[in-house]
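In what follows, a single structure is set out as structure tokens and then discussed.
The values are calculated or read from the model by the stated rules, or taken from the named source; none is laboratory data. What you see is a predicted model, and the numbers here were worked out from it, not measured in a lab. Heads up, the Cβs are rebuilt from the backbone with ideal geometry, glycines too, and the neighbour counts pull from every protein chain shown.
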Amino acid sequence: MTKTKITKDIVRELLNYDPYTGEFVWKPRRMEWFKREQDWRVWNKKFSGKPAGCVRTRKDGSCYLAIGLLNKNYHGSQLAHLYMHSRWPEGRIGYVNGNPLDLRIENLLEGAHGKGLRIYSNNKSGVCGVFWDKSKRRWKASPRLNGVQINLGSFTDFEEAEAAVSKFYSDNNFLEWHGKKPVAA
């Protein structure tokens with residue numbers, strides 16, 4: 001059973017997903033999913049009809065809903081996408097409102113650039129992609145796209161560097177809240 005590939009049909013057999021609330025609930029499982037009848041009865045009594053998954057927190061403080069299926073954990077956002085679109089998402093899932101625990105389908109954005117989670121704690125400018133170049137004594141606009149740092153130039157005025165990075169993010173379909181502090185989940 002551990003070698004079974006997770007498909008839309010398996011997800012729909014094991015879970016109910018409400019695209020309007022973003023909630024996952026365990027469905028009753030058929031006996032075929034278990035080796036022993038006792039395990040089947042216990043599992044259905046304990047989990048059937050209850051919320052699925054648990055909140056996991058990463059080292060950087062961000063969190064996500066993890067749901068274990070067939071001895072592997074999956075992000076709730078990936079399972080929601082599979083459930084609704086019958087395919088795995090291409091690239092990462094972003095969250096329109098910045099809250100990774102809000103799994104309503106309208107909040108999920110397939111193929112979002114980067115994690116879009118928050119600004120690095122060592123950032124002194126307060127703007128993701130803008131930093132002070134001590135050697136040139138200028139503000140450098142240098143955001144990342146797909147892991148590659150893009151040099152947009154250096155500026156004497158902080159607001160010009162900020163505007164250049166903001167335009168870059170907008171032109172490349174970054175989420176509005178990219179590089180800002182995360183929403184409290």
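Before moving on, here are some points about what is shown:
- Residue list for region 142-157, filter: modelled with pLDDT under 90 and either farther than 21 Å from ARG92 by Cβ or of a type in the set (Val, Ile, Thr) (or both): SER142, VAL148, ILE150
- Close pairs (8 angstrom Cβ cut-off, 6 or more residues apart or separate chains): at pLDDT 65 or above in region 158-185, of a type in the set (Lys, Arg) and not in a loop (DSSP other than H, G, I, E, B) anywhere: ALA161/LYS140
- In region 31-77, counting only strands (runs of 3 or more DSSP E) that sit wholly within it, the ones holding 1 or more residues that are in contact (Cβ under 8 Å) with a residue 12 or more places away in the chain and aromatic (Phe, Trp, Tyr) span 63-69, 72-75.
- Residue, nearest to LEU103 (Cα to Cα), within region 3-17, restricted to residues that are outside any helix (DSSP H, G or I) and in contact with a strand residue (DSSP E or B) (Cβ under 8 Å, 6 or more places away or on another chain): TYR17
- Output for region 94-116, where each listed residue is of a type outside the set (Lys, Arg) and modelled with pLDDT under 85: GLY94, TYR95, VAL96, ASN97, GLY98, LEU109, GLU110, GLY111, ALA112, HIS113, GLY114, GLY116
- For region 78-96, the set of residues classified as surrounded by 15 or more Cβ atoms within 10 Å (Cβ to Cβ) and free of Cβ contacts under 8 Å to residues at least 60 places away in the same chain consists of GLN78, HIS81, PRO89, ARG92, ILE93, listed by residue number.
- Within region 133-155, the set of residues being in a strand (DSSP E or B) and not basic (Lys, Arg) comprises ASP133, TRP139, ALA141, LEU145, VAL148, GLN149, GLY153, SER154, PHE155.
- Check on GLY53, buried (at least 16 other Cβ atoms within 10 Å of the Cβ) and either modelled with pLDDT under 95 or touching a strand residue (DSSP E or B) at 6+ places or on another chain (Cβ under 9 Å) (or both): yes
The rows are residues; the columns are (1) of a type in the set (A, V, I, L, M); (2) outside the structural domain of ASN16 (by TED's automatic domain parsing); (3) within 26 Å of PHE174 (Cβ to Cβ).
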site	(1), (2), (3)
GLU32	no, no, no
PHE47	no, no, no
LEU69	yes, no, no
GLU90	no, no, yes
ASN99	no, no, yes
